[in-house]
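Encoded as structure tokens, the structure appears first; notes follow it.
The values are calculated or read from the model by the stated rules, or taken from the named source; none is laboratory data. All figures in this text were calculated on a predicted structure; none of them were measured in a lab. No Cβ is skipped: glycine too gets one built from the backbone with ideal geometry, and neighbour counts run over all protein chains shown.
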Amino acid sequence: MLRGVASKAVSAVPLAFAQRRFHGDGSDCRSHSVADLLNKNKEWADSITSSQPNFFKELAKQQTPEFLWIGCSDSRVPANQIVGLAPGEVFVHRNIANVVVPSDLNCLSVMQFAIEHLKVKHVIVCGHYNCGGVRAALTDTRLGLADNWTRHVRDIYRRHTRRIEKCGSVDNQVDLLCELNVIQQLHNVAETTIVRNAWAAGSELQLHGLIFGLADGILKPLLQMDKDSETYATETAARKIIQRAHERAAQASEDTK
């Protein structure tokens, strides 16, 4: 599994975040200007240099991350913060609904650089529950240009429609599709020539599918793969995830009787 993920955090979660105040609907009471951001940046940099004077000097020399993080662009899922790691420890690529497709040269370029040049040891595909992109795909909500992107998630929904609908509420269906999306995107990562070539060359590269709970801040592992994993590992993981979702739905139905 992922060793040492929270070992060397440097102001990963500012105290100011814990002290944020929210409206009744959950939105932040405060708004910020760019000047506020610059001031906060100065405070953040000063707090680090006061405790680790050489931190930025060392950071400027090179980056040696062990993790490539492919996650959702959602502002509530900042990679470094939720795993408690400092700048320089996670190489990050984000897009709507954490999608990995062979036509996305941006994502593939990031993967190649991370795996072949930075020599990362782990590739993480991280989704999150109640993902807006996934919800749009499931409910066929039109977003404009982004519809061309979320169609990749909608393809997953079409493949599992009847199984997903058995989960009951739309919220439950969305969360199951969020999990299935992580599994599919991890499969897509494993099928790239970048990863295949790395494994063929003897790399011990590991792939991890994780999902983040917005309601509790916890990452849940869904699947781990390496060069020795069975070719049908993602299919097996998807079946287990669907089965667990159906069991939860059945239990919830019993509890309401």
Checklist line | Candidate set: the range 103-134, residues that are of a type in the set (Ser, Thr, Tyr) and over 30 Å from SER169 (Cα atoms); chosen: the one modelled with the lowest pLDDT | finding: SER103
Notebook entry, point to check: Does ARG163 fit the bill of being assigned by TED's automatic domain parsing to the domain that holds SER229, surrounded by fewer than 21 Cβ atoms within 10 Å (Cβ to Cβ), of a type in the set (Lys, Arg) and within 30 Å of ASP228 (Cβ to Cβ)?
Noted result: yes
Next item on the list: Count, please, the residues in the range 113-130 that happen to be farther than 26 Å from ALA215 by Cβ and in a loop (DSSP other than H, G, I, E, B).
Entry: 4
Next item on the list: Report, by residue number, each residue of the range 63-80 that is of a type outside the set (D, E, K, R), in a loop (DSSP other than H, G, I, E, B) and modelled with pLDDT of 95 or more.
Entry: PRO65, SER73, SER75, VAL77, PRO78
Check: Scanning for something buried (at least 21 other Cβ atoms within 10 Å of the Cβ), not hydroxyl-bearing (Ser, Thr, Tyr) and not in a loop (DSSP other than H, G, I, E, B), does the range 140-151 turn up at least one residue?
Finding: no
Check: Given THR256, THR192, which one is at pLDDT below 95, out of contact with any Asp or Glu (no Cβ under 6 Å at 6 or more places or on another chain), among the hydroxyl-bearing types (Ser, Thr, Tyr) and more than 26 Å from GLY132 (Cα to Cα)?
Finding: THR256
Item checked: Pair list, Cβ < 7 Å and 6+ apart or interchain, from the range 208-224 residues that are within 12 Å of GLN185 (Cβ to Cβ) to residues that are in a loop (DSSP other than H, G, I, E, B) and modelled with pLDDT of 95 or more -> ILE211/TYR129
Notebook entry, point to check: Among ARG158, ARG154, ARG142, which is the only one that is of a type in the set (D, E, K, R) and in contact (Cβ under 8 Å) with a residue 12 or more places away in the chain?
Noted result: ARG154
Notebook entry, point to check: Which condition number does ASN54 fail, the rest of (1) touching a Ser or Thr at 6+ places or on another chain (Cβ under 7 Å); (2) outside the structural domain of TRP199 (by TED's automatic domain parsing) being met?
Noted result: (1)
Note to self: Considering only residues that are in a loop (DSSP other than H, G, I, E, B) and surrounded by 17 or more Cβ atoms within 10 Å (Cβ to Cβ), which ones fall in the range 81-97?
What the structure shows: LEU85, ALA86, GLY88, GLU89
Item checked: Set VAL174, VAL100: member being closer than 21 Å to GLN243 by Cα and either outside any loop (DSSP other than H, G, I, E, B) or modelled with pLDDT of 95 or more (or both) -> VAL174
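Residue-by-condition table, conditions (1) part of a loop (DSSP other than H, G, I, E, B); (2) over 25 Å from THR141 (Cα atoms):
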position	(1), (2)
LEU180	no, no
VAL189	no, yes
ARG196	no, yes
LEU214	yes, no
THR231	yes, yes
Item checked: Matching residues in the range 225-257 - criterion: being surrounded by fewer than 12 Cβ atoms within 10 Å (Cβ to Cβ) and touching a residue at least 60 places away in the same chain (Cβ under 8 Å) -> SER253
Check: When the range 185-224 is examined, which residues are found to be crowded, with 22+ Cβ neighbours inside 10 Å and farther than 19 Å from LYS121 by Cα?
Finding: ILE211, PHE212
